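Okay, structure first, notes after.
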Amino acid sequence: MNSKRKADIQRKLSLTAVPRPPDDLLDRIKSDIPNYLSVEAERARFSRSIGFNLRIAASIIVLISIAAALYVVTPTKSPNAVVAIQQRKPEPAPTASATDEVRLDIVQAAPAMQRQIADARIAPPAEVPRVESEPPARRADVRAEEGRRRNEIAAVEGGVEGFVSGGVAGGTVGGVIGGNESRDREEAAAPAPQQLAESTPAPVPTPYAYAPEVPPPPATAAAETRAMAKTAGVSLVPPVYADDLNLAPKSVFGISVDPSAFRKIRATIESGARPSPSSVDVEALVNYFAGAPARRVRGVRMEAEASPAPVGANGHRAILRLTIDTGVVDVPEGGSVPPIAKDALLEIDFNRDAVERIDPIGDSGTLVRENALLHNVSVTGLYALDLRTPLKAKQRVATIRLTYRSVEDGKKHTIVHEVRGSDFSKQWASASRRHRLASLGALWGESLRSSSGGSDVARRAEELASQAPNDERARELKEVAVASSGGGGTR
Amino acid sequence: MQKSEREAVTASPWSEEQRLLGAIRAGDTAAAEELVERTYSAVFASIYRLCGDSDLSADLTQETYQKAWAALSGFDGRSQLFTWLYRIAYTTFLNYIRRPRRMTSLDEPDSIDVADETPAVDAVLVVQEEAEHLREAVMKLPEDLRFTVTAHFWGGLPVKEIARIEKITTVAIRKRLHRAFTLLESMLDEEPS
């Protein structure tokens, strides 16, 4: 290698042109700075944690040693005793059920309590974890006995309300006594499953049989059951309530992000029908397919991306996407999502010299102020644009501005994206996965509304899915687009 | 990396760097912000030269700092702060390219007609094409040579610093660079003109 050639390569390596970093990059990085950077504090915490774990481990070892020593020292039982236990016959079922005993207590209570008990009987049964180790009759005995004991305590300590709830719940919530009126009423209204099961003329329970299967509660009993579970301090929330507990907002900045929109349309298509145009929430479809960011976001982040339209660009039709993601926090079950910012305002200013026509996809054009922008939010809005051509590379097409006041530091922040002509010069296929899925999802939604153009969208969706066979959203989009375009179950 | 940019990053006084590091370790968020302000454009430039994509570089730069905060307790301060940051950025980039590649379409849709009034567009394109070929050739180098070349020319790290983090002598680093140039020359000669 001669020195001239070497110098040439060195020169090329050294003189690679680099664009300016994006305007918002500094803010993005700064928003990632953790609140607690102190290494010393972290080390001290880590040391404390290690020390605590070691103490627990030592305690466990000591306990195991004691147990082992006791096992060695204690004489073992004779084999005959074991045989005797095995040969014991199951006890006959009691003639009076636990419910009867409870009912006696209740009859002596006030008439108002009787009404509550009657309501509780009418209410549908609640689902409880199935207990398999104990026969129902014996379990009922134990619970009724326990309930009666608690009733006696409740009558003294907690008053009449506690007495009723203890009696009816038969031990499940019977321990909660002397509480406030509304809570106890909920407890009284929520029936004890064992009591309900036995209030019907059921056959005498077979010893060691499983508890009868109880149908899942209807929606009206959901709140009562949840209240009961909450009062009892345990988590009894079955999956059937998952939708009830989904506290995520259905719209952000006025843009629909309802996650159920896609499921409903998909179900309609799978049933062989075509969804009515008015039922198609295009914005929600866009947000379903845009999904969450690929990487975990901290703070508030805004993306703006432009590309030619996936179908029928014709040299001037383009798509502009803006997405706002907020930092992810863990929310306990049933908890509410905390806000990350307040007074959030999203503004878009289009340059009419560059844009001939602006069509907000869905209702993205009517942006509203968000008084409280929550964590765990991803919202995407799309605009279909007709650009004036030829467009100059440096010509401003739009300016997107997001201002908000951070809850964490109380300061006002502004994120600005300037979209220029050069942003539209890339191919749609070179756009990010999120942009392609969102824009194609939008066109699919529009095709459902207008009943035209579905085949082009389906073709494009098939390409997308074939290029990314592991992409679940791309596969879903292909399936529904093909089906709704006549290639599948469309009637 | 341009000379002025390199000087701004690597020629910061040792005591100043230690002061910043100490403040960050004491939990001073303002010091962390100052560090970011001083270094982020250089980290961005280093990653851009590796990947050639502005948006991706921004994302990877952000990821680099996220990893840096998490790994701050492990930084022993023996190398310069930017050297440490560059190593994280380089690893972040390598992790990225080891993930599955981004999709490309089977056919190209209509593109938007965008004109630029900048003069000598063809010349710019030729330079960009050459730079892209060079970048691809560098990416094909063996890992040790690739890191040495990119850290020296694109990360702006002096040979001495690279030798320190690679735990080899400066002579060995210069040998690596020589081998890398030989390989690059042969690869660039093979490239279609």
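Residue by residue through the range A:446-465, note down the ones that are more than 13 Å from chain B (Cβ to nearest Cβ) and of a type outside the set (A, V, I, L, M).
Residues satisfying the conditions are A:E446, A:S447, A:R449, A:S450, A:S451, A:S452, A:G453, A:G454, A:S455.
Picking from A:P338, A:P308, which residue would you name as being of a type outside the set (S, T, Y), touching a strand residue (DSSP E or B) at 6+ places or on another chain (Cβ under 8 Å) and surrounded by 14 or more Cβ atoms within 10 Å (Cβ to Cβ)?
None of the others qualify; the one that does is A:P308.
Sort through B:S46, B:S41, B:S54, B:S79 and tell me the only one that's facing another protein chain (nearest Cβ under 10 Å), surrounded by fewer than 24 Cβ atoms within 10 Å (Cβ to Cβ), among the polar types (S, T, N, Q) and more than 17 Å from A:S31 (Cα to Cα).
On inspection, the qualifying residue turns out to be B:S54.
Among the numbered criteria (1) within 14 Å of chain A (Cβ to nearest Cβ); (2) closer than 23 Å to B:W84 by Cα, which one does B:A131 miss?
Among (1) within 14 Å of chain A (Cβ to nearest Cβ); (2) closer than 23 Å to B:W84 by Cα, the lone unmet condition for B:A131 is (2).
When the range A:62-75 is examined, which residues are found to be assigned to a helix (DSSP H, G or I) and either among the polar types (S, T, N, Q) or under 40 Å from the mean Cα position of the chain (by Cα) (or both)?
A:S65
Considering only residues that are closer than 24 Å to A:R20 by Cβ and charged (D, E, K, R), which ones fall in the range A:412-442?
A:E418, A:R420, A:D423, A:K426, A:R434
If you check B:T92 against the conditions, is it at pLDDT 90 or above and more than 10 Å from chain A (Cβ to nearest Cβ)?
For B:T92, the condition - at pLDDT 90 or above and more than 10 Å from chain A (Cβ to nearest Cβ) - is met.
Which one is nearest to the other protein chains (Cβ to nearest Cβ), of the residues in the range A:408-429 that are surrounded by 15 or more Cβ atoms within 10 Å (Cβ to Cβ) and among the hydroxyl-bearing types (S, T, Y)?
It comes out as A:S425.
Every residue in the range A:466-476 that is at the interface with another protein chain (Cβ under 10 Å from one of its Cβ atoms), part of a helix (DSSP H, G or I) and surrounded by fewer than 20 Cβ atoms within 10 Å (Cβ to Cβ), please.
A:S466, A:Q467
Identify, from the list A:T380, A:T403, A:T414, the residue that is free of Cβ contacts under 8 Å to residues at least 24 places away in the same chain and either assigned to a strand (DSSP E or B) or not assigned by TED's automatic domain parsing to the domain that holds A:N314 (or both).
On inspection, the qualifying residue turns out to be A:T414.
Consider the range A:1-33. How many of its residues are under 30 Å from A:S406 (Cβ atoms), more than 8 Å from chain B (Cβ to nearest Cβ) and assigned to a helix (DSSP H, G or I)?
2
Need the failing condition index for A:G362 against (1) free of Cβ contacts under 8 Å to residues at least 40 places away in the same chain; (2) surrounded by 13 or more Cβ atoms within 10 Å (Cβ to Cβ), just the number.
With respect to (1) free of Cβ contacts under 8 Å to residues at least 40 places away in the same chain; (2) surrounded by 13 or more Cβ atoms within 10 Å (Cβ to Cβ), A:G362 is out only on (1).
Considering only residues that are touching a residue at least 60 places away in the same chain (Cβ under 8 Å) and either under 11 Å from B:T148 (Cα atoms) or in a loop (DSSP other than H, G, I, E, B) (or both), which ones fall in the range B:163-178?
If the condition is that a residue be touching a residue at least 60 places away in the same chain (Cβ under 8 Å) and either under 11 Å from B:T148 (Cα atoms) or in a loop (DSSP other than H, G, I, E, B) (or both), then B:I165 is the only one that fits.
On the basis of being at pLDDT below 80, outside any helix (DSSP H, G or I), touching a helix residue (DSSP H, G or I) at 6+ places or on another chain (Cβ under 6 Å) and over 30 Å from A:H435 (Cα atoms), does B:S105 make the cut?
no
The values are calculated or read from the model by the stated rules, or taken from the named source; none is laboratory data. If you're wondering where the values come from, they're calculated on a predicted model, not measured in any experiment. Here Cβ is always computed from backbone atoms with ideal geometry, including for glycine, and neighbour counts include all displayed protein chains.
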